[in-house]
Each structure stands twice: as C-alpha cells, then as structure tokens.
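Q: I'd like to ask some things about the structure below.
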Amino acid sequence: MHIPDGFLSTPVWVGMDVVSVSAVGAAVRRVERTLDGAQVPLMGMTAAFVFAAQMINFPVAGGTSGHLLGGLLAALLLGPAPAVVVMTTVFVAQCFLFQDGGLTALGANVFNMGIIGSLGGYGIYRALCRLRMGERGAVAIASWLSVMLGAAAASVELGLSGTIPFRMVLPAMLGVHALIGIGEAVITLGALALVQRARPELLKAVSG
C-alpha cells in the first residue's frame with residue numbers, strides 16, 4: 001500500500017500532507033498531556049516490533065505480497081494517540097532509510113496506514129465492543145476493516161491524481177487487500193495472545 005513518488009498529483013499529496021500533519025500534531029499534543037512516563041519504553045518497543053514485522057512479507061494471490069500494518073495493534077497496546085505517533089515514526093523511518101514509499105507521498109502513506117489504522121481501526125473495535133461482540137471477533141473485524149479503509153483511501157488518492165481510473169484501481173486494491181486484511185487480523189490476534197500470556201497488564205486498552 002506504500003505509494004511511491006510520482007503517483008500522486010501535487011494537489012493531492014500536498015492536501016494529504018496537510019491532513020496528516022494536522023492529525024499527527026493533534027496526537028502529539030494529546031500524548032504530551034496524558035502520557036505516563038512508564039509508557040515511553042512500551043512505545044519504543046511497539047515501534048520496533050511494527051517496524052520489524054512490516055519487513056516480513058507474506059504471499060497473496062496473483063504473485064503479490066502483503067505485510068502487517070500494525071495500526072490497530074499499536075492502538076490496543078498504547079491507545080490511539082500514542083499509536084499515531086508510533087506509526088508515523090515507523091513510516092518516516094521506512095521512507096528515509098529504505099525508500100519504502102515516496103517522500104512526496106509520505107503524508108498519504110501515514111494517513112492511509114498509520115492514522116486510519118490506529119484511529120479508524122480502534123474506533124471500529126470500540127464500536128463492535130459496544131455492540132457486545134466478543135473481543136477476538138472485534139479485533140479480527142477491526143483489523144480487516146482498517147486495511148480495507150486504508151486501501152480505499154489510497155485508491156481515492158490515486159484516482160484523484162489521474163494515475164489510474166477509479167473503476168480499475170478500487171476493485172484491484174480492495175481485492176488484494178481483502179486477503180492482506182486476513183493476514184493483518186491473524187497476526188494482530190497472535191501478537192495480542194502472546195502479550196496476554198507474557199504481560200497481560202499491557203492490554204488495558206483491550207479490556208477497557
């Protein structure tokens with residue numbers, strides 16, 4: 001889902017930069033007001049885990065591959081605002097160190113995978129919990145939907161840029177990412193199960 005340089009028109013990538021900078025700035029201000037100092041090491045460990053996990057690709061149909069996005073996982077461990085900060089750090093590092101996603105598309109990539117994954121995924125998870133869905137089911141569905149929403153956002157950006165027509169990019173992106181979303185759900189559930197066994201006190205966001 002990482003969009004490279006040259007795929008977004010100037011109005012689109014500038015607009016996405018503005019949206020992402022505003023959202024990340026709001027998240028940073030919230031973290032500064034509410035962050036417990038003891039949570040800082042956990043933020044670092046979560047960033048390191050997501051960064052490493054995103055380097056591991058799994059095969060998807062048609063010769064494509066996918067990897068963990070991790071936004072919902074980070075939000076469940078840290079809370080939504082710290083998760084946005086962590087995910088932004090991951091995508092910035094990937095962009096500058098590994099050229100994974102273009103510099104001009106950084107705002108779009110942060111929005112599609114980090115902000116939607118963290119805020120959108122967590123919001124869906126909480127809504128499903130309020131509907132009395134089981135915890136594991138809520139995590140699985142929220143994980144899958146966070147990937148699909150991110151893919152839809154990327155499709156809109158590419159379509160508005162005139163790179164690929166909507167009628168082509170939207171079904172192609174959603175079709176591939178429907179499978180990637182299943183991997184996201186499985187990995188997220190597996191990671192949470194490991195944390196539950198080793199450090200259950202870290203899952204306050206899930207139980208709360």
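The values are calculated or read from the model by the stated rules, or taken from the named source; none is laboratory data. These numbers were taken from a predicted model, which means no experiment stands behind them. Using ideal geometry, Cβ is built from the backbone for each residue, glycine included, and neighbour counts are taken over all protein chains shown. Heavy atoms of the whole protein, side chains included, go into the accessibility calculation; ligands, DNA and RNA do not. Shrake-Rupley method; radii C 1.70, N 1.55, O 1.52, S 1.80 Å.
Q: Binning at 10 angstrom from zero up to the longest distance, how are the C-alpha pair distances of the range 31-101 distributed in percent?
A: Result, from short to long distances: 19, 47, 26, 7, 1 percent.
Q: Which of GLU32, GLU157, GLU135 moves most in a GNM of the chain, Cα contacts under 10 Å?
A: In this elastic network of the chain, the residue with the biggest mean-square fluctuation among GLU32, GLU157, GLU135 is GLU32.
Q: So if I restrict to the alpha-carbon atoms in the range 127-183, what is the Rg, and what is Dmax, the biggest pairwise distance, in Å?
A: So, for the range 127-183, Rg and Dmax equal 13.8, 42 Å respectively.
Q: How many nm separate the modelled label positions at ARG33 and ALA93, each set 7 Å beyond the Cα in the direction of the Cβ?
A: Result: 2.8 nm between the two label points.
Q: Measure nothing fancy, just the Cα-based angle from helix 40-54's long axis to the longest principal axis of the chain, in degrees from 0 to 90, nearest 10.
A: The angle comes out near 50 degrees.
Q: Could you list the square roots of 5 times each eigenvalue of the Cα gyration tensor of the range 72-144, that is, the equivalent ellipsoid semi-axes, sorted largest first and rounded to whole Å?
A: Whole-Å semi-axes of the equivalent ellipsoid: 27, 10, 9.
Q: Continuing with the same structure: What distance in nm separates the simple spin-label points at ASP100 and VAL21, each placed 7 Å from Cα in the Cβ direction?
A: 2.5
Q: Kindly express, to the nearest 10 degrees and within the range 0 to 90, the angle between helix 121-130's C-alpha long axis and the longest C-alpha principal axis of the chain.
A: For 121-130 against the chain, the angle is about 50 degrees.
Q: Taking a probe of 1.4 angstrom, what is the accessible area of SER22 in Å², to the nearest 10?
A: Approximately 70 Å² for this residue.
Q: Using Cα atoms only, what is the angle between the long axis of helix 80-98 and the major principal axis of the chain, expressed in degrees (0 to 90) to the nearest 10?
A: It is inclined by approximately 50 degrees.
Q: Calculate the radius of gyration of the Cα atoms of the range 1-54 to one decimal place, then report Dmax, the largest Cα-Cα distance, as a whole number, both in Å.
A: 15.3, 42
Q: So if we plug the beta-carbon distance of PHE166 and VAL14 into 1/(1 + (r/R0)^6) with R0 = 30 Å, what FRET efficiency do we get, rounded to 0.05?
A: Taking R0 as 30 Å, the efficiency between PHE166 and VAL14 is 0.90.
Q: Between ALA52 and ASP5, what FRET efficiency comes out of the Förster formula 1/(1 + (r/R0)^6) with R0 = 22 Å and r the beta carbon distance, rounded to 0.05?
A: 0.35
Q: Still on this structure, I have one more. Å³ per residue of the Cα convex hull, for the chain?
A: Cα convex hull per residue, to the nearest whole number: 117 Å³.
Q: Also, quick follow-up: So for the range 73-193, Kirkwood radius off the Cα pairs, Stokes-Einstein at 10 °C and 1.306 mPa s: how many µm² s⁻¹?
A: 107
Q: Continuing with this model, one more query. Which one of ALA108, ALA47, ALA172 has the biggest mean-square fluctuation once the chain is modelled by GNM with Cα springs under 10 Å?
A: Among ALA108, ALA47, ALA172, the largest mean-square fluctuation in the Gaussian network model of the chain belongs to ALA172.
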